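Okay, so here's the structure we're looking at.
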């Protein structure tokens, strides 16, 4: 029995369509050979959700969104999810819709603590939107929208202020001051590099000399020097005491008028003698004329 050409073409087309369907589902992450477990989730807002979207449990993908529809009586979006057979949810499990930064949403499952499991095709409670990064950023975005006009006004004022001549002059003065500061810093660097090493060397020498002096003083017999000095002071005190005593010659000279009177009398006698010599010089000077000698 010969198979007609049309029948072969039909079989080939069916096989191709089957391969195409399996390939498309495979690309979507749907394993046609693995049945999985189906559950329903009622969502108030399904924004961002799409068929073949991810179903996550503790940050790990455990399934996909199979289909989506609307329950007009309850005003809810019905989402059919398919999870792995090993993912058995309890009756107190919850489901939430979470969005990422790009706006793509996924179903996030939260496993409960009950031991009673949900039956297949049961509805998972929840379905509300989870607070994610976008929800946290929404107040910041609102505050940013409020601040933007103020920031624009501030920038406009700064532009006007910068364009004023006085501000330009101030900026030029600041530039000149900066240049002078750079010059001063360069000079200071030169001083630090050239003069300071010499100063430090001198300080080191002085420190070494002080160390030597300290060593010499340490080695010297300071006690003996102090004793000698004390003896010298004692002798000087004794000498001064003797000079101040009335029994000593110096003390008598300093404390009595006898020497003064004698000196005054002697000076008076000398003065009379000189006057008499001037008046009668022949009494005191014997002059020989033409070799004549005086007779005794």
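Given Cα pairs under 8 Å that are at least 6 residues apart, what percent is the relative contact order of segment 36-130? Spell out each step's value before the answer.
Details: 234 pairs, mean separation 35.3, N = 95.
So the answer I get is 37 percent.
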**Request:** Take segment 36-130, compute every pairwise Cα distance, and split them into 5 Å bins from 0; I just need the percent in each bin.
**Result:** 3, 15, 27, 29, 17, 8, 2, 0
**Request:** Calculate the spin-label point distance for residue 185 paired with residue 153, positioning each point 7 Å from the Cα along the beta-carbon direction, and give it in nanometres.
**Result:** 3.9 nm
**Prompt:** Put a dot 7 Å past each Cα toward the Cβ at residue 243 and residue 141; how far apart are the dots in nm?
**Reply:** 10.9 nm
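The numbers here are math on the coordinates, done by the rules we state, and not lab data. Predicted, not measured: the structure shown is a model, and the values here were computed from it. All Cβ positions, even for glycine, are placed from backbone atoms using ideal geometry, and neighbour counts span all protein chains on display.
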